[in-house]
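Quick notes on the structure that follows.
Each reported figure results from applying straightforward, stated rules to the coordinates on display, with no laboratory input. Worth saying up front: this structure is predicted, and the values here are computed from it rather than measured. Neighbour counts run over all protein chains shown; Cβ positions are idealised from the backbone, glycine included.
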Amino acid sequence: MMMMDMLNILIGMLILIIGVMIGVAFLTLLERKVLGYIQIRKGPNKVGFMGLLQPFSDAIKLFTKEQTYLNYSNYMSYYFSPIVSFILSLMIWMLIPYYFNMISFNLGILFFFCCTSLGVYTLMVAGWASNSNYSLLGGLRAVAQTISYEVSMSLILLSCIILVMDFNLVKFMDYQFMIWFIFLMFPLSLCWMSSSLAETNRTPFDFAEGESELVSGFNIEYSSGGFALIFLAEYSSILFMSLMYVLIYLGGFEMSLLFYFKVVFISFFFIWVRGTLPRYRYDKLMYLSWKTYLPVSLNFLILFLGLKIYLY
């Protein structure tokens, strides 16, 4: 490969990462605004025009605060797990089938699975390395939850892969030219939506940070930059899960404004759910995963397999 091509790929990646960072910043602002209006208050509206500069002032505040180092923590693991978590959440974004990015992922969905399952380790290590009972409990709960929902998520995705017969995310656009997949598998799309909520530790499945009993969960001992990185990783995952939903069920990737509106709407849905639903009970969450989503996704998988064999 020519040097110029490599440079183009690197520049494309850099632009993408900067775009994701700005998107994450304004997603936090959108969340605070929407939650404000749901609770009949204004939300941030002092810094800049209508609070537009609030995310940036928050970032400056967090990154300039003093970093605390625990005496009894496992220092290296404690320090690096937020950084690894953040890098993993950014790595998944390389999957987006941008035409100018010059990276064609023929096995893109496998890459997605690898990165999301590696994210579990950063949660576990962050909880364990802080050497605090609260963070360990929060980490254990988050890991159990994430692993449970990954099983049903992979089976749901497998149904879509069987329809398309390809791991490349670009192919989803070609197959949804006439009809979106959400009409073909509406129950599965809802399962995927709530599994994404559980996967990103969002309300109503935010047991990792159940403030009432765990005092912020696995990230309790993190301050300043470490906390900001965990926060950024979570919100970048939310944006990416919204993007995956649009790619798989709402017509795939197209270079139009409508695509971005769809992504923003699904991200808004994540926030809307947070403002509306109370927290689930932990054992009910596990039952939901193993006794509801797993059988449903398996049945749909068998149905689509049968359809594929019948049609061919």
Worksheet item: In terms of Cα to Cα distance under 16 Å, which aspartates and glutamates are near enough to LYS262, apart from those fewer than 8 places away along the same chain?
Response: GLU254
Response to the item:
Here the FRET efficiency for LYS284 versus PHE186, based on Cβ atoms and R0 = 30 Å and rounded to 0.05, is 0.80
Fill in: Length gained when the stretch TRP272-LEU107 is fully extended (0.36 nm per residue, less Cα-Cα span)
56.1 nm
Item to complete: Could you pull the Rg and Dmax for segment 149-271, using just the Cα atoms, both in Å?
Response: 16.3, 51
Worksheet entry | For segment 80-162: span of alpha carbons on each principal axis (Å, largest first) | 47, 28, 12
Worksheet item: Of GLU66, GLU221, GLU31, which is the most mobile in a GNM of the chain whose springs link Cα atoms less than 10 angstrom apart?
Response: GLU66
Worksheet item: Roughly how many debye, to the nearest 20, is the charge dipole of the chain about its Cα centre, given +1 on each Lys and Arg Cβ, -1 on each Asp and Glu Cβ, and no other charges?
Response: 680 debye
Worksheet item: Over its Cα atoms, what ratio of radius of gyration to 2.2 N^0.38 Å does segment 64-311 give?
Response: 1.05
Practice prompt. Please express the Cα-Cα pair-distance distribution P(r) of segment 205-312 as a list of whole percents, one per 5 Å bin, running from 0 to the bin with the greatest distance.
Written response: 2, 9, 11, 14, 18, 17, 13, 9, 4, 2, 1, 0
Worksheet item: By how many degrees, between 0 and 90 and to the nearest 10, does the Cα long axis of helix 224-249 differ from the longest principal axis of the chain?
Response: 20 degrees
Practice prompt. Using only Cα atoms, find the angle between the long axis of helix 108-129 and the longest principal axis of the chain, and express it within 0 to 90 degrees, rounded to the nearest 10.
Written response: 20 degrees
Fill in: Global form of segment 264-312, assessed from the alpha-carbon gyration tensor, a/c cut-off 1.5
oblate
Worksheet, complete the sentence: For the chain, longest principal axis from Cα atoms; helix 186-199 axis from its Cα atoms; angle between them, nearest 10 degrees, is 20 degrees
Worksheet, complete the sentence: If each K or R counts +1 and each D or E counts -1, the residues other than GLN39 whose Cβ falls under 15 Å of its Cβ total +4
Worksheet, complete the sentence: Cα-Cα pairs in segment 211-263 separated by more than 14 Å, as a whole percent of all pairs, come to 64 percent
Fill in: Dmax and Rg, reported as Rg then Dmax, of segment 1-157 (C-alpha, Å)
19.2, 57
Practice prompt. Estimate the FRET efficiency between LEU158 and ILE9 by the formula 1/(1 + (r/R0)^6), using the beta-carbon distance for r and 25 Å for R0, to the nearest 0.05.
Written response: 0.25
Fill in: Label point distance in nm, TYR37-SER256, each placed 7 Å from Cα along Cα→Cβ
2.5 nm
Worksheet item: Among SER216, GLN145, PHE269, whose Cα sits farthest toward the positive end of the charge dipole of the chain (+1 at Cβ of Lys/Arg, -1 at Cβ of Asp/Glu, about the Cα centre)?
Response: PHE269
Worksheet entry | Protection-proxy order for peptides 83-90, 232-239, 51-58, 11-18, each taking the mean of Cβ atoms within 10 Å per residue, highest first | 232-239, 83-90, 51-58, 11-18
Worksheet item: Which of the peptides 67-80, 254-267 is most tightly packed, and how do the rest follow, judged by the mean count of other Cβ atoms within 10 Å per residue?
Response: 254-267, 67-80
